[in-house]
Each structure stands twice: as C-alpha cells, then as structure tokens.
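J.: I'd like to ask you about the structure that follows.
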Amino acid sequence: MEHKICTVIVTYNRLPLLKEAINALRHQSYSSSILVVNNGSTDGTYEYLEEQNDLKILHQENVGGAGGFFSGLKYAAEEGFTFAWIMDDDVLPDKDALRHLVDAYDILSQKETIGFLCSTVVDVEGNMANVPIINERKANNGYSCWNKYLELGYVGVSSATFVSVFIPCNIIYNVGLPYKEFFIWGDDTEYTNRISMKYNSYLIGKSLVKHMRTGGAIDLVKLTDKNRIRMYKFSIRNNWYINKQPFYHRKIKLINYLWYFSLIGKLLLHFQILKIGIVLGGILQGICFRPTVRFPKKNK
C-alpha cells in the first residue's frame, strides 16, 4: 500500500544546502509531497521557492527551528497526510532512506504501535552523527529491550534529533505538536522523548542520511560567534525545562544539573563573564518556563 507522506524541511538562509536537500528528496525511490517551511530567509530562498512548481511552500517569520517544525507537523496532520518525515535543510538523504523507513514501519506496526522512526546519520566525513539515545526501558526479566529487533537492523531509542524523523500523523494528534516556544535547541529531544514515553520508537539501520554540518557538539567555552553565544540562552533554558520532565531518571537529572555548574566553573577559569551571564539567565528562564502543548485541528 502506498502511504501519503509529507516531507517537511525547515530552512533559514541556507539556500545552497536547501537546493541540495530538495534535489535529494526529488530522487527518493519512495515518493512524498515536499513541504518547505521558510523561516523568513533573506538570502533569495523566497524567490527560489516561488519558482518551484512541485513543492508545497509555507513562508513565515523567523520563529526558529522549533517554530518551523511546529508549523510543518501541524500542516502535515491537518492536510490529511498519514506520515510526516522531518529534517533540517542541511540533510542529504540516501535515495532509499524514506523507503527503508516505510518498510520498517510496515513490519513493526503489525506488532506494536510505533511512535517514531529515525534514520542513521553520518557527517560529511562519514562519521556517525546525531546519534539517538538508546531506550533503556526494561522488559519483564529486568533487562533492557532496545535490541528486540536487532536482527532486522532496528534499535529501540528514546530520543533523536530532527535530522530525519518519521512520525505517523495519528501520533501527533495523540501527543501534540513540538513546543514552538523553544525557538531553537532541545525541541527535538523533548518531542521525541514525549513520544517514546508512550510509544515504542526505533532507529532504522538501513535508512541513511548525511548531515552536512561540520564540527561536533557546540562547546560554549570555545564558541566565538557573538550571535550564537547570545542564542545559547535558549539551549540552557530549554534543557533546564527538559530536565524537569518525567522521562529522565532521577540519576540522569542530577548529572544534568551538575553539568550546568561544571560549565559555569569552566567559564570562570577562562574569565568568560559574559557567557556566565548567558548561562545563569538561561537557568532563571528555565525555572519559570511553561510552554503549552498544542494540537492540530481534527479533520472533519
């Protein structure tokens, strides 16, 4: 059976990468409708998208990646699609990436309700990237069961980044949409954890995508881009909020809280007072942060 799939790309001022991503999606072995959510780009993205006849376009002001994925998933659900396949504008899927996700869903959904599936991600050098967190949920015998379908190349996970995530739209109606208030950073961690708390979710080994970002995780101590430094407050605020949620074990919560104080200590050693202010401001905002879960409208 052919599924009705909406592929959602969120973009902001990365037109050359966006063109590559769209080209890769146009050559998928499994067809889908492509929706591009343009977050107020000023680099010619608007003009380019308006010339594309085979794409669905949603232009909006820059509400961050979180706001972009909120809008994209809302559109996919309300327009009657069965699935949403979401990614950033710097992701190049292998030609069979979507087909492997669909095949895996067709197999797994006969056994259980699936929350989300995600792809195997590599960086430009072929190294593993955006590695999801393995689900440590215990089976009746006390052992973790993340390897339940390992012979098929499927690994149980609890969270993933929005680099290539495949979500049944009925799940969106059940758990709501991502928090658009997050703006940037952490929205994917919160949302996929929110889903996997209720429904089993898996990494699909054969579904391959390349993330065109260079460098590893962001290190605030080494960060020099002034705009990125200012934006880092969203990372602190959002992750402080996430750490209060029930999907983290008490021990993990403690480790995460200790990381904040370790970060402040490192910044003190490097006399980076401005960055300490960013961290403390983010923590204060995180303590009071109360985003609202919103749901797509039901189709009549």
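The values are calculated or read from the model by the stated rules, or taken from the named source; none is laboratory data. Predicted model, so just to flag it, every value in this text is computed and none were measured. Here the Cβ positions follow ideal geometry from the backbone for every residue, glycine too, while neighbour counts run over all protein chains shown. Only protein heavy atoms, including side chains, enter the accessible area calculation; ligands, DNA and RNA are left aside. Shrake-Rupley method; radii C 1.70, N 1.55, O 1.52, S 1.80 Å.
J.: Is it true that LYS138 is of a type in the set (Lys, Arg) and touching a Phe, Trp or Tyr at 6+ places or on another chain (Cβ under 9 Å)?
T.: Against the criterion (of a type in the set (Lys, Arg) and touching a Phe, Trp or Tyr at 6+ places or on another chain (Cβ under 9 Å)), LYS138 does not qualify.
J.: Just the residues that are open to solvent by 10 Å² or more (accessible area, probe 1.4 Å) and not charged (D, E, K, R), please, taken from the stretch 64-92.
T.: Within the stretch 64-92, GLY65, PHE70, SER71, TYR75, GLY80, PHE81, THR82, LEU92 meet the criteria.
J.: Follow-up. Give all pairs with beta carbons closer than 6 Å in which a residue from the stretch 71-83 that is within 11 Å of THR7 (Cα to Cα) meets a residue that is part of a loop (DSSP other than H, G, I, E, B) and open to solvent by less than 20 Å² (accessible area, probe 1.4 Å); count only pairs at least 6 apart in sequence or on separate chains.
T.: LEU73/LEU177
J.: Okay, next question. What pairs come up if the first residue lies in the stretch 123-148 and is outside any loop (DSSP other than H, G, I, E, B), the second is surrounded by fewer than 12 Cβ atoms within 10 Å (Cβ to Cβ), and their beta carbons are under 7 Å apart, counting only those six or more places apart or on different chains?
T.: Within 7 Å, the pairs are SER144/LYS138.
J.: While we're on this one: Of the residues ILE195, ILE204, which is at pLDDT 95 or above, open to solvent by less than 30 Å² (accessible area, probe 1.4 Å), under 18 Å from the mean Cα position of the chain (by Cα) and within 19 Å of THR292 (Cβ to Cβ)?
T.: Of the residues listed, the single one that is at pLDDT 95 or above, open to solvent by less than 30 Å² (accessible area, probe 1.4 Å), under 18 Å from the mean Cα position of the chain (by Cα) and within 19 Å of THR292 (Cβ to Cβ) is ILE195.
J.: Find all pairs meeting these conditions: Cβ atoms under 6 angstrom apart; at least six residues apart or on different chains; first residue within the stretch 197-224 and charged (D, E, K, R); second residue surrounded by 18 or more Cβ atoms within 10 Å (Cβ to Cβ).
T.: So the pair list comes out as LYS206/HIS100; LYS210/LEU92; ARG213/ASP90.
J.: Shifting gears a bit: If you check THR161 against the conditions, is it farther than 21 Å from GLU112 by Cα, open to solvent by 30 Å² or more (accessible area, probe 1.4 Å), of a type outside the set (Lys, Arg) and touching a strand residue (DSSP E or B) at 6+ places or on another chain (Cβ under 9 Å)?
T.: Considered against the rule, which asks whether it is farther than 21 Å from GLU112 by Cα, open to solvent by 30 Å² or more (accessible area, probe 1.4 Å), of a type outside the set (Lys, Arg) and touching a strand residue (DSSP E or B) at 6+ places or on another chain (Cβ under 9 Å), THR161 comes out as yes.
J.: Here is a list: PRO246, PRO291. Which entry is closer than 23 Å to LEU177 by Cβ and at pLDDT 95 or above?
T.: Matching residue, one of PRO246, PRO291: PRO291.
J.: State which residue pairs qualify: first residue open to solvent by 10 Å² or more (accessible area, probe 1.4 Å) and inside the stretch 96-118, second residue part of a helix (DSSP H, G or I) in any location, beta carbons under 8 Å apart, and separation of 6 or more residues or different chains.
T.: ILE107/LEU152
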